[in-house]
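Chemist: Got a structure here, written out as structure tokens. Questions coming.
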Amino acid sequence: MHAIVDSHVHLDLPAFNPDRVQVLARAQAQGIETLIIPGVDRKGWATIRRMCAGDHRLHAAYGLHPLFVDHHAPNDVQALSAWLDAGDAVAIGEIGLDFHAQAPDRDRQRDFFRAQLQLARERGLPVVVHARAAFEEASLMLREIGGLRGVVHSFSGSQQQASRLWELGFCLGIGGPVTYPRARRLREIVAHMPGDFLLLESDAPDQPDAGIRGQRNEPARVANIARCIAELRGESLAALAATTTANARRVFGLDAKQV
């Protein structure tokens, strides 16, 4: 099997409580040997820390997700800064902007996003960015603050938007949606994009690939995503795995022994 990194999986969520050990075993059987687990709110950080401390395959990221901004307290960014002092975080995330129809207060989202980007720059940590129906503003804020690196996960934008991210040194996180034939724009971007900016992700338990549509997603399915992308790009699975694993090492500062 080729070593593959799942750069975005919410393994801490209750959806995995019944069979988390088996989920990890299935992932490892498919070559998914390293998993990045992003936090979405303050109360979940401790669970992620405990989970990652007991398993060398798992790496923690901590952040304040825009969809939960109504539940974040004003001092949660300060709490995040203190939480990072332990030194176990490989990134700040999942953070960003979400302006879909039912999304919470946009000004609060902007405030939390900006503050966390500034914290990432100060700490020298990469960011895991969520940008739904808000790509232009999120991209402008990344550029404005500057000195940042990381990944825009579950990328679904245009070729022009992708190019702007590459200019900023950001990777695209690509998961289950690329396996759907109707996702023509995304498939075209992934087929021809520079390999140095490509990361694989499951976003499990969400965003299942076409083979398990409507079911709970899990990190083992990243192997299917990798095969799909390799076919789209005309590459071998081994070559794609090597490239995306090297990218993950670079972005998240992982030692080669950890992947």
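The values are calculated or read from the model by the stated rules, or taken from the named source; none is laboratory data. Treat the numbers as computed from the prediction; the structure is a model and nothing was measured. All Cβ positions, even for glycine, are placed from backbone atoms using ideal geometry, and neighbour counts span all protein chains on display.
Chemist: Do you know which of the residues in the range 86-99 that are in contact with a helix residue (DSSP H, G or I) (Cβ under 9 Å, 6 or more places away or on another chain), surrounded by fewer than 22 Cβ atoms within 10 Å (Cβ to Cβ) and not acidic (D, E) is nearest to R121 (Cα to Cα)?
Modeler: A86
Chemist: Now for a separate question. Scanning for something under 20 Å from P126 (Cα atoms), hydrophobic (A, V, I, L, M, F, W, C), touching a residue at least 40 places away in the same chain (Cβ under 8 Å) and not in a helix (DSSP H, G or I), does the range 141-151 turn up at least one residue?
Modeler: yes
Chemist: Identify the single condition in (1) surrounded by fewer than 17 Cβ atoms within 10 Å (Cβ to Cβ); (2) closer than 25 Å to V9 by Cβ that A73 does not satisfy, given that it satisfies every other one.
Modeler: The failed condition is (2).
Chemist: If you don't mind, there's one more thing I want to ask. Can you pull out the residues in the range 102-123 that are within 16 Å of L140 (Cα to Cα) and of a type in the set (D, E)?
Modeler: Once the filter is applied, which keeps residues that are within 16 Å of L140 (Cα to Cα) and of a type in the set (D, E), the range 102-123 yields D107, D111.
Chemist: Confirm whether W83 is touching a Gly at 6+ places or on another chain (Cβ under 8 Å), surrounded by 15 or more Cβ atoms within 10 Å (Cβ to Cβ) and in a helix (DSSP H, G or I).
Modeler: So W83 does not fit the description; no.
Chemist: Note down all Cβ pairs under 6 Å where the first residue falls in the range 164-182 and is farther than 26 Å from L125 by Cα, the second is among the β-branched types (V, I, T) and modelled with pLDDT of 95 or more, and they're at least six residues apart or on different chains.
Modeler: Listed by first residue and then by second, the contacts come to V178/V190.
Chemist: What do you reckon, is E231 part of a loop (DSSP other than H, G, I, E, B) and over 17 Å from the mean Cα position of the chain (by Cα)?
Modeler: Answer is no for this residue.
Chemist: Would you be able to say whether some residue in the range 5-21 is under 13 Å from R221 (Cα atoms) and touching a His at 6+ places or on another chain (Cβ under 6 Å)?
Modeler: yes
Chemist: While we're looking at this one, here's another question. Does E218 satisfy being under 20 Å from C52 (Cβ atoms), of a type in the set (D, E) and at pLDDT 95 or above?
Modeler: Yes.
Chemist: State whether the residues of the range 185-196 include one that is under 21 Å from R26 (Cβ atoms) and in contact (Cβ under 8 Å) with a residue 24 or more places away in the chain.
Modeler: Looking for residues that are under 21 Å from R26 (Cβ atoms) and in contact (Cβ under 8 Å) with a residue 24 or more places away in the chain, one finds none in the range 185-196, hence no.
Chemist: In the range 47-57, which residues are in contact (Cβ under 8 Å) with a residue 12 or more places away in the chain and either more than 17 Å from P14 (Cα to Cα) or surrounded by 22 or more Cβ atoms within 10 Å (Cβ to Cβ) (or both)?
Modeler: I48, C52, A53, D55, H56, R57
Chemist: Let me ask something additional. In the range 11-33, what count of residues is obtained for those that are touching a residue at least 12 places away in the same chain (Cβ under 8 Å) and surrounded by fewer than 22 Cβ atoms within 10 Å (Cβ to Cβ)?
Modeler: 11
Chemist: Next question. Residues in the range 166-218 that are assigned to a helix (DSSP H, G or I), surrounded by 14 or more Cβ atoms within 10 Å (Cβ to Cβ) and charged (D, E, K, R): how many?
Modeler: 1
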